[in-house]
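Following: one structure in structure tokens, then a few remarks.
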Amino acid sequence: MGRPDPEEGQLPAPVKPPDGGWGWIVLLGCFVITGFSYAFPKAVSVYFKELMKDFHVGYSDTAWISSIMLAMLYGTGPVCSIMVNQFGCRPVMLIGGLLASAGMILASFTTNIIELYLTAGVLTGLGMALNFQPSLIMLGTYFDKRRPLANGLAAAGSPVFLSSLSPLGQVLLEKFGWRGGFLIMGGLLLNCCTCGAVMRPLDMGMKRKMGKAQDKYEAKEMLPIGGKSEEGISTTDGTKKGKKAKKKPKKGKKLLDFSIFSNRGFIIYTISKFILVLGLFVPPILLVNYAKDTGVPDTEAAFLLSIIGFIDIFARPACGMVAGLKWVRPHVAYLFSFSMLFNGLTDICSARASNYTGLVIFCVFFGISYGMVGALQFEVLMAIVGSQKFSSAIGLVLLIEAFAVLIGPPSAGRLVDALKNYEVIFYLAGSEVVLSALFLGVASYCCLNRGKKEAPPENNPAAGGGSDTEEAESDVQEAEEHSSDNHQPAHSTDNAVVAAANEEANHVAEEQSGEGGGCPAGDGEVLARDGCNADQMVERDSF
């Protein structure tokens, strides 16, 4: 029967994620965007030594560049959510690519550290934010059953780009200086516009056309054969137009859904992510300068980030495949907690590494644990809130994490300047990550398991094992049932005739039921709701 139309102030019927097709192109674009968004703030640290010399500032001052980039990536989350809900993913990503490129190009002409904060930090960070969040939303739109694998593959863009951008930045620094390196990096960021261009939204138009065609087909099937068919169709269309005219004013679309804060799983996830971000990014940001201060040559120091990236390349897709297993996916939150615990213990155990071999071993284990965290963080969030509320959820989560980003790395940089000791920093960062892992695991077990006993499993969004396809199909079914109740055929014969022939109609219905093909006797409207065949209902009315 008739389906809700967007122009009636209702949301269109959800489209089933294809789990492939053009989704693989979207996945490739998300791979590139994720690579630039996460690897770029770390790769820029290669230029910090030269910036300290040219601008006569300390390490904590230059560390603010990466922190501002990450803060813009996270802090503008609600703005990105509103823009995506208002304009769509593709236009927002195209604008973001232009802003990111312009920021790095303008940064190559700066004359003081404040101008560098505004260009490379604010402008480039904002541009990457406008690319990163919409790409994740599109990925969740195109994938459902394969979503853990898709998230793992897209997250692999970060280590791939980190392992390539860091050595590339070192080469550009040696040949062109930091200004030439920033200029070339700005040109590379224009590829974000290409990735935004391939983010084609799922086609709703075809579904609406199919719905209208099905309405007319069902109307013909439910009417007696003859000239009354066309009359019934026109009557049905006229009834729809009349109802549209009597519709209430359109309801404004929610640009940011704050109802997700009523989800206990979302609250637990947000708090744990805030604590996690305080220490997660500190080791890779400080690693290059730590190695240089211990006497490691510049090229080999930059290669340490490549080691992390190389290990991370394989860790993220592998972890995504494991998270997609049937017996693991319902418990993906605990796998995420384990990955954070692994990462924190790696930082603590490697704090006393004082030679290149020890740093290489640290990079191997850090790459594995960091890849697990990167592959699971957004998969867990999608499992908690669902794809329909993901655009609002990720914006609010990133905003809260922005405060942690502004606190973590700059504070670590100030401690380095004050103590001249990296060991304390690694202990502190590792302890914060371990605390976040313990909080997520214990809170999920205590709070969410208690909620499962009180409510049915299908009503608990924090279980993490539900399929968005099933939710979408149930929504469509409810919409069709609701519309069928409100659009009963206007072609029925006179009620008095039906009442007069009621006894004979019941007799025929009983005979059909005895033959296995009939429906129970009763009111026609109830029969329609109970799933009775439309032709049988028309046959009964025709008596």
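The values are calculated or read from the model by the stated rules, or taken from the named source; none is laboratory data. Predicted model only: the values in this text are computed from it and were never measured. Glycine gets a Cβ as well: all are built from the backbone with ideal geometry, and neighbour counts include every protein chain shown. Remember, those area values only see protein heavy atoms, side chains included, never the ligands or the DNA or RNA. Shrake-Rupley method; radii C 1.70, N 1.55, O 1.52, S 1.80 Å.
When D144 is tested against (1) out of contact with any Cys (no Cβ under 9 Å at 6 or more places or on another chain); (2) surrounded by 23 or more Cβ atoms within 10 Å (Cβ to Cβ), exactly one condition is not met: (2). When you check G367 against the structure, is it open to solvent by less than 10 Å² (accessible area, probe 1.4 Å), over 30 Å from C89 (Cα atoms), in contact (Cβ under 8 Å) with a residue 60 or more places away in the chain and not in a loop (DSSP other than H, G, I, E, B), yes or no? Yes. Taking the condition surrounded by 16 or more Cβ atoms within 10 Å (Cβ to Cβ), over 20 Å from the mean Cα position of the chain (by Cα) and more than 28 Å from A402 (Cα to Cα), does F342 pass? It is false that F342 is surrounded by 16 or more Cβ atoms within 10 Å (Cβ to Cβ), over 20 Å from the mean Cα position of the chain (by Cα) and more than 28 Å from A402 (Cα to Cα).
Yes or no, residue by residue, for (1) out of contact with any Phe, Trp or Tyr (no Cβ under 9 Å at 6 or more places or on another chain); (2) closer than 24 Å to P283 by Cβ; (3) among the charged types (D, E, K, R):
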| residue | (1), (2), (3) |
| --- | --- |
| P317 | yes, yes, no |
| W327 | yes, no, no |
| F338 | yes, yes, no |
| F342 | no, yes, no |
| C349 | no, yes, no |
| G371 | no, yes, no |
| G374 | no, yes, no |
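Taking the criterion of being surrounded by 19 or more Cβ atoms within 10 Å (Cβ to Cβ) and of a type in the set (V, I, T), the only residue of segment 345-364 that qualifies is T346. One residue stands out among those in segment 288-305 that are assigned to a helix (DSSP H, G or I) and open to solvent by 10 Å² or more (accessible area, probe 1.4 Å): the one that is farthest from R352 (Cα to Cα), which is T299.
For segment 149-165, indicate whether the set of residues that are free of Cβ contacts under 8 Å to residues at least 12 places away in the same chain, open to solvent by 10 Å² or more (accessible area, probe 1.4 Å) and not aromatic (F, W, Y) is non-empty. Looking through segment 149-165, none of the residues is free of Cβ contacts under 8 Å to residues at least 12 places away in the same chain, open to solvent by 10 Å² or more (accessible area, probe 1.4 Å) and not aromatic (F, W, Y).
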